[in-house]
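Student: Next up is a structure, given as structure tokens.
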Amino acid sequence: MKKLFDGIKKDMKFKTAGPGKKLTDDTSTKPDVVQSGSGARPNRHGPSEGSQRAGAAALARIEQIPRPKVGTSQDAIRNQVKRELEAASLAEKDKAESEERSKVPVIAPACLSVSGVYFTCPLTGATLAKSEREVHIKEAILMRFEEDAVEASVMMIHTFNKDRDKVKAAIDIMSKYIENICKNPTEEKYRKIKLSNKVYQEKVRSVEGSREFLEALGFTGIMLPVEGKEEDEEFLVLLEYSSDALELMQERRDRLQRGEPVRAQLDRQPQVFRSSPNAQRFELPPEFYNMTSEELKKEQLQRSELVEKNAMLRTKAMREKEEQRERRKYNYTLLRIRLPDGCLLQGTFYAWDRLPVLFAFIRESLVDGWQPFELIAPGGQKLLESEEVALAECNLVPAALLTFAWDAAVQADIAAAGGKSPALLKPSLLETILTLS
């Protein structure tokens with residue numbers, strides 16, 4: 001089984017892309033393709049028999065692959081899994097490309113303010129395009145079975161299944177299995193799960209990763225006779241139920257209940273630009289939009305009518321309703337922060353990220369991020385770090401230029417004490433400073 005995993009590791013190629021890098025003047029490039037294993041943990045010992053069984057079952061289930069029969073060669077299993085993963089990846093890319101073509105008109109890459117929207121896999125550290133996220137994370141989770149079958153199966157349950165109510169129901173039932181065993185360890189009926197049982201079929205079996213989790217606990221699939229039936233039926237049977245095993249089982253149940261979906265994290269693509277008269281000019285890629293080309297045409301018509309609407313007397317509620325409808329057109333926002341020295345700090349955010357997220361991004365980019373500062377939005381609106389308000393609600397979508405200023409009182413105290421104004425951005429950011437075209 002370990003050879004099987006090693007073979008799959010060689011065959012699988014995690015498709016990755018680096019964050020967009022805008023060149024000086026009027027050129028830009030597509031993100032570099034990178035691969036990172038910073039998220040992988042060392043394998044301290046060989047996988048147990050239960051881990052091997054769970055890993056094989058997980059690989060068999062990916063994209064509804066039937067469980068291989070006994071005697072199927074390892075090469076055949078590996079090739080089948082590889083073909084299915086490649087097919088899933090191509091299908092996902094085709095779907096994403098089709099969706100993007102139906103959105104806003106294509107803008108030449110050289111004119112874009114940012115080359116696209118990218119994400120980071122929390123398991124591998126790889127940078128991914130939007131269309132690569134799901135397949136990559138699935139592959140990364142399946143490869144975890146060799147290291148920790150319990151952790152991998154918990155990730156499967158919480159990540160592979162979109163219906164959170166179904167996931168909760170399955171977790172509740174599996175938790176009940178464990179509680180019954182721990183309370184009555186010597187009673188055989190609690191250590192057997194009949195796979196044709198209605199509750200198991202309807203609530204547990206339909207949730208990807210559930211059987212893998214039970215097998216990782218120590219359950220083994222066994223064909224047993226059933227009273228009143230001619231043919232044997234499959235049961236999951238717990239063979240080991242020592243006090244240590246029961247205690248470990250409860251700990252794993254807690255891990256299952258605390259589990260969270262594995263989600264790719266938005267790569268903010270921090271970039272610094274020199275002072276530029278084009279600071280307020282933004283050309284966004286299709287990923288930023290949450291509307292089709294037809295909706296875009298309607299928007300243009302609406303804009304032409306905006307002057308007439310503004311001349312009419314409208315209530316505050318009417319204006320707020322229109323603004324809210326406008327904000328829903330965008331998934332992401334590109335923000336630039338003009339610093340006191342004229343340089344521009346740029347980052348990508350979700351439209352519904354809140355103000356503290358923006359302030360944290362800026363603080364992480366500053367040499368002295370602990371010092372208080374102010375952010376002024378277009379129109380002179382002062383943004384407050386303490387306010388849990390979404391960027392979209394502050395009219396900062398789909399792009400905006402903000403103004404940064406150190407707190408005047410603190411700077412006066414520093415000057416009175418003979419100190420100098422602090423350096424602004426970290427050297428690592430200044431090393432990649434570009435000219436905004």
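Student: Efficiency by 1/(1 + (r/R0)^6): what FRET value for Val389 and Leu246, r their Cβ-Cβ distance, R0 = 35 Å, to the nearest 0.05?
Tutor: That pair, Val389 with Leu246, gives E of 0.10.
Student: Placing +1 at every Lys and Arg Cβ and -1 at every Asp and Glu Cβ, with all other atoms neutral, what dipole size does the range 131-245 have around its Cα centre, in debye to the nearest 20?
Tutor: So the magnitude is around 560 debye.
Student: Pick out, from Ser275, Val262, Tyr200, the residue whose Cα sits farthest towards the positive end of the charge dipole of the range 188-292, with +1 on the Cβ of Lys and Arg and -1 on the Cβ of Asp and Glu.
Tutor: The listed residue farthest towards the positive side: Ser275.
Student: Now, a different point. Please give the charge dipole size of the range 323-437, origin at the Cα centre, charges +1 on K and R Cβ atoms and -1 on D and E Cβ atoms. Round to the nearest 20 debye.
Tutor: 380 debye
Student: Stretch Leu430-Trp352 to full length: gain in nm at 0.36 nm per residue minus the Cα-Cα span?
Tutor: That works out to 25.2 nm of additional length.
Student: Pairs Lys138/Lys329; Lys162/Lys189; Lys162/Lys329; Lys168/Lys203: which are spaced more than 21 Å apart, C-alpha to C-alpha?
Tutor: Pairs exceeding 21 Å: Lys138/Lys329; Lys162/Lys189; Lys162/Lys329.
Student: Oh, and also: Over the Cα atoms of the range 323-432, what is the Rg over Rh ratio if Rh follows Kirkwood?
Tutor: 1.00
Student: How far apart, in nm, are two points set 7 Å out from the Cα along the Cα-to-Cβ line at Lys382 and at Gln265?
Tutor: Distance between label points: 3.2 nm.
Student: What are the trypsin sites (Lys or Arg not before Pro) within the range 340-437 that DSSP puts in a loop, where the Cβ has at most 10 other Cβ atoms within 10 Å?
Tutor: Lys420
Student: I need the GluC sites (Glu not before Pro) found in the range 328-437, filtered to DSSP loop residues with at most 16 other beta carbons within 10 Å of theirs.
Tutor: Glu385, Glu387, Glu388, Glu431
Student: Over 5 Å intervals from 0, what percent of Cα-Cα pairs in the range 161-259 sits in each interval?
Tutor: For the range 161-259, the binned pair fractions read 2, 13, 24, 25, 19, 11, 5, 2, 0 percent.
Student: Give me the accessible area per residue for the range 198-289, probe 1.4 Å, as a whole number in Å².
Tutor: Here the residues of the range 198-289 average 56 Å² of exposed surface.
Student: Let me ask something else about it. Which chymotrypsin sites (Phe, Trp or Tyr not before Pro) does the range 354-429 hold that lie in a coil by DSSP with at most 11 other beta carbons within 10 Å?
Tutor: Trp370
Student: If the chain between Arg205 and Asp413 were fully stretched, how many nm would it gain, using 0.36 nm times the residue separation less the Cα-Cα distance?
Tutor: Using 0.36 nm per residue and subtracting the Cα-Cα distance, I get 68.3 nm.
The values are calculated or read from the model by the stated rules, or taken from the named source; none is laboratory data. Computed from a predicted model, the values in this text were never measured in an experiment. Please note: Cβ atoms are built from the backbone with ideal geometry, for glycine as well, and neighbour counts cover all protein chains shown. Ligands, DNA and RNA are stripped out before the accessible areas are found, and what is left, the full protein with its side chains, is counted by its heavy atoms. Shrake-Rupley method; radii C 1.70, N 1.55, O 1.52, S 1.80 Å.
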